[in-house]
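What follows is one structure encoded as C-alpha cells, with my remarks underneath.
The values are calculated or read from the model by the stated rules, or taken from the named source; none is laboratory data. A quick note: this is a predicted structure, and the numbers were derived from the prediction, not measured. Note: ideal-geometry Cβ built from the backbone for every residue, glycine included; neighbour counts use all protein chains shown.
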C-alpha cells in the first residue's frame, strides 16, 4: 500500500485464487489477511482459497481468540460479543509473530466453533513448510485497543467490501438460522454487528487491496 491508499479491484473468487497462488510461491512464508465488516463474506473467500491451495495454505482465524463466554459474562461484555474488546488481541498478535518466524516444526492455533460459540485451543496445526498463512477477521486494520500491533505482522491485506444492505440481509438470515426470531435477529444486527462494522470500515484505507466481489455469469 502507498500513500494514495489501497488499490480497488472488482474480482471473482477465481481471481483471488490466482492472487493467493502467487503469494504462496513466495519464500519462505507469507501472511495474507482478509478483512471486512460482519457479513462481508470473509469466511466464504477463505474457504475457497483453502480448498484451492490445499497443502500450500492454512487458514488461521482471528475468531479463535474470542474471550470465553464465562469471561465475557464476568466482564459484563457478553451482550457485545464480537466487539474489539471481547478478544484476546495480545494472544493473537503473539501467534502471528510465531507464524511469521516459522521456526517451529508445527505451530498450533485455536479455532472458533460456531456451534459451541466458544474457541477450541490448539485445533489448527500449521506446519513450518506451509508457505501461505491466511488469517481473517474484523479488526486486523483497527488502530486502537492493542489491535494496532496486528498490521505490521501482515504482508498483504485484502478488504472485502460489500454493500451494507446485502451484509445486513446476510447477518439477519444467519442469526435466524442460529435460533433467533426475526425481531431478535434485526436487533442484534443493528445494535451490535453494525456498530462493529463502523469500526471495521474505519481501517479500510490501511488495506493493500479493496475487493468488490463479482459473480461469474453462468452461460446462457
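Counting only residues that are surrounded by 12 or more Cβ atoms within 10 Å (Cβ to Cβ) and under 28 Å from residue 143 (Cβ atoms), how many does the range 163-220 have?
The number of residues fulfilling the criteria is 31.
Evaluate the following for residue 27: is it within 26 Å of residue 210 (Cα to Cα) and in contact (Cβ under 8 Å) with a residue 12 or more places away in the chain?
Considered against the rule, which asks whether it is within 26 Å of residue 210 (Cα to Cα) and in contact (Cβ under 8 Å) with a residue 12 or more places away in the chain, residue 27 comes out as yes.
Residue under question is residue 28, and the condition is that it be modelled with pLDDT under 95 and surrounded by 15 or more Cβ atoms within 10 Å (Cβ to Cβ); does it hold?
Answer is no for this residue.
Look through 33, 48 and report the one residue that is modelled with pLDDT of 95 or more, part of a strand (DSSP E or B) and under 24 Å from residue 171 (Cβ atoms).
33
Of (1) more than 30 Å from residue 187 (Cα to Cα); (2) touching a strand residue (DSSP E or B) at 6+ places or on another chain (Cβ under 9 Å); (3) surrounded by 15 or more Cβ atoms within 10 Å (Cβ to Cβ); (4) touching a residue at least 60 places away in the same chain (Cβ under 8 Å), residue 93 satisfies all except one. Which?
Checking residue 93 against (1) more than 30 Å from residue 187 (Cα to Cα); (2) touching a strand residue (DSSP E or B) at 6+ places or on another chain (Cβ under 9 Å); (3) surrounded by 15 or more Cβ atoms within 10 Å (Cβ to Cβ); (4) touching a residue at least 60 places away in the same chain (Cβ under 8 Å), the one that fails is (2).
Does residue 100 count as under 18 Å from the mean Cα position of the chain (by Cα), touching a residue at least 12 places away in the same chain (Cβ under 8 Å) and either exposed (fewer than 14 other Cβ atoms within 10 Å of the Cβ) or over 24 Å from residue 149 (Cβ atoms) (or both)?
So residue 100 does not fit the description; no.
For the range 147-191, enumerate the residues that are closer than 27 Å to residue 92 by Cβ, out of contact with any helix residue (DSSP H, G or I) (no Cβ under 9 Å at 6 or more places or on another chain) and in contact (Cβ under 8 Å) with a residue 12 or more places away in the chain.
170
Please determine, by comparing only the residues of the range 64-83 that are modelled with pLDDT under 95 and in a helix (DSSP H, G or I), which one is surrounded by the fewest Cβ atoms within 10 Å (Cβ to Cβ).
Looking at the filtered set, the residue picked out is 79.
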